[in-house]
Amino acid sequence: MLQEIFRPNAPRADRIGLAGNRPLQQPPVPAVQPISRALVSALIAQAGESGRRRINHNFHRSLEENPNRFLNVMLKDAYFTPHRHISPPKPEAFLVLEGSVLCVIFDDDGSIREVHKMGEGESYGVDVGEGIWHTIIVLSETAVCYEVKPGPYSAATDKEFAPWAPREGDPQANAYAAALKEKALVAVNRKKY
């Protein structure tokens, strides 16, 4: 049992989490966590089973930890509602480890300001400043990004979603995503926003 490894001198009931009504102790998060092919392959399989067509793998020990560090494993048809991190203001860095993605930067009215193609011979990533509207579009069948942003994470305040874009799950999201992808590809190829 894992608990026996971490508490070898405790009574057996304590070592395996059976003493009293205490919850089973979880092993600590390792201080060094490799980003291996096996991990990425397992995450790609999990993303394929997810209705969101993506999955995060956190490296931070808690949501309060600063910074938050994670892999975002995405499939081609994943949709990210354009958003910004403003309350509290937070920058966000994306490094593409596998695949190809676009990072689209918007003006406040939803018009495209910039498009950055990342991965597969393009730039490695982008650092998006605090309060900037952005989204990710996956171009390859799968993509793996290493992301870093300040903690703590709170689902209630982490993102402000763009009022001019449909939310994930909205019936209009697929049509919006397809039109945005087409515009973003034209923009990145012409470098005209």
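Considering the stretch 166-193 alone, what residues qualify as being part of a loop (DSSP other than H, G, I, E, B) and either surrounded by fewer than 12 Cβ atoms within 10 Å (Cβ to Cβ) or hydrophobic (A, V, I, L, M, F, W, C) (or both)?
Gly169, Pro171, Gln172, Lys191, Lys192
Say we look at the stretch 36-95 and pick out the residues that are in contact with an Asp or Glu (Cβ under 6 Å, 6 or more places away or on another chain), in contact (Cβ under 8 Å) with a residue 60 or more places away in the chain and hydrophobic (A, V, I, L, M, F, W, C); which of these is surrounded by the fewest Cβ atoms within 10 Å (Cβ to Cβ)?
Ile86
Filter the stretch 90-132 down to the residues that are part of a strand (DSSP E or B) and of a type in the set (S, T, N, Q) and list them by number.
Step one: of the stretch 90-132, the residues part of a strand (DSSP E or B) are 92-98, 101-106, 112-118, 123, 125-128.
Once the filter is applied, which keeps residues that are part of a strand (DSSP E or B) and of a type in the set (S, T, N, Q), the stretch 90-132 yields only Ser123.
For the subset of the stretch 77-101 comprising residues that are over 14 Å from the mean Cα position of the chain (by Cα) and not acidic (Asp, Glu), which member is farthest from Val128 (Cα to Cα)?
Gly99
If you check Phe94 against the conditions, is it aromatic (Phe, Trp, Tyr) and within 24 Å of Ala179 (Cβ to Cβ)?
On the way: aromatic (Phe, Trp, Tyr): yes; within 24 Å of Ala179 (Cβ to Cβ): yes.
Taking the combined requirement at face value, the residue satisfies it.
Is the stretch 108-115 home to any residue that is within 23 Å of Pro88 (Cβ to Cβ) and loosely packed, with under 13 Cβ neighbours inside 10 Å?
Taking every residue of the stretch 108-115 in turn, at least one turns out to be within 23 Å of Pro88 (Cβ to Cβ) and loosely packed, with under 13 Cβ neighbours inside 10 Å.
Restricting to the stretch 145-163, count the residues that are in contact (Cβ under 8 Å) with a residue 60 or more places away in the chain and part of a loop (DSSP other than H, G, I, E, B). Break it down stepwise before answering.
Looking only at the stretch 145-163, we keep the residues that are in contact (Cβ under 8 Å) with a residue 60 or more places away in the chain, and these are 145-154, 157-162.
Within this subset, residues satisfying the condition of being part of a loop (DSSP other than H, G, I, E, B) are 150-154, 157-159, 162.
Residues in the stretch 145-163 being in contact (Cβ under 8 Å) with a residue 60 or more places away in the chain and part of a loop (DSSP other than H, G, I, E, B): 9 in total.
Restricting to the stretch 61-89, count the residues that are in a loop (DSSP other than H, G, I, E, B) and over 15 Å from Leu139 (Cα atoms). Quick ask: steps written out before the conclusion?
Narrowing the stretch 61-89 to residues in a loop (DSSP other than H, G, I, E, B): 61-67, 76-82, 85, 87-88.
In the following step, the residues that additionally are over 15 Å from Leu139 (Cα atoms) were identified as 61-67, 81-82, 85, 87-88.
Selection size over the stretch 61-89: 12.
Please pick out the residue among Tyr153, Tyr176 that is in the same structural domain as Val73 (by TED's automatic domain parsing), of a type in the set (Phe, Trp, Tyr) and modelled with pLDDT under 95.
Going through Tyr153, Tyr176 in turn, just one is in the same structural domain as Val73 (by TED's automatic domain parsing), of a type in the set (Phe, Trp, Tyr) and modelled with pLDDT under 95: Tyr153.
Quick check, is Ala162 assigned by TED's automatic domain parsing to the domain that holds Asn72, closer than 30 Å to Glu65 by Cα and under 17 Å from the mean Cα position of the chain (by Cα)? Show your work before the answer.
Numbers: assigned by TED's automatic domain parsing to the domain that holds Asn72: yes; closer than 30 Å to Glu65 by Cα: yes; under 17 Å from the mean Cα position of the chain (by Cα): no.
Judged against the criteria, Ala162 is not a match.
The values are calculated or read from the model by the stated rules, or taken from the named source; none is laboratory data. On a predicted model such as this, the values are computed, not experimentally measured, just so you know. Positions of Cβ are backbone-derived with ideal geometry, glycine not excepted, and every protein chain shown enters the neighbour counts.
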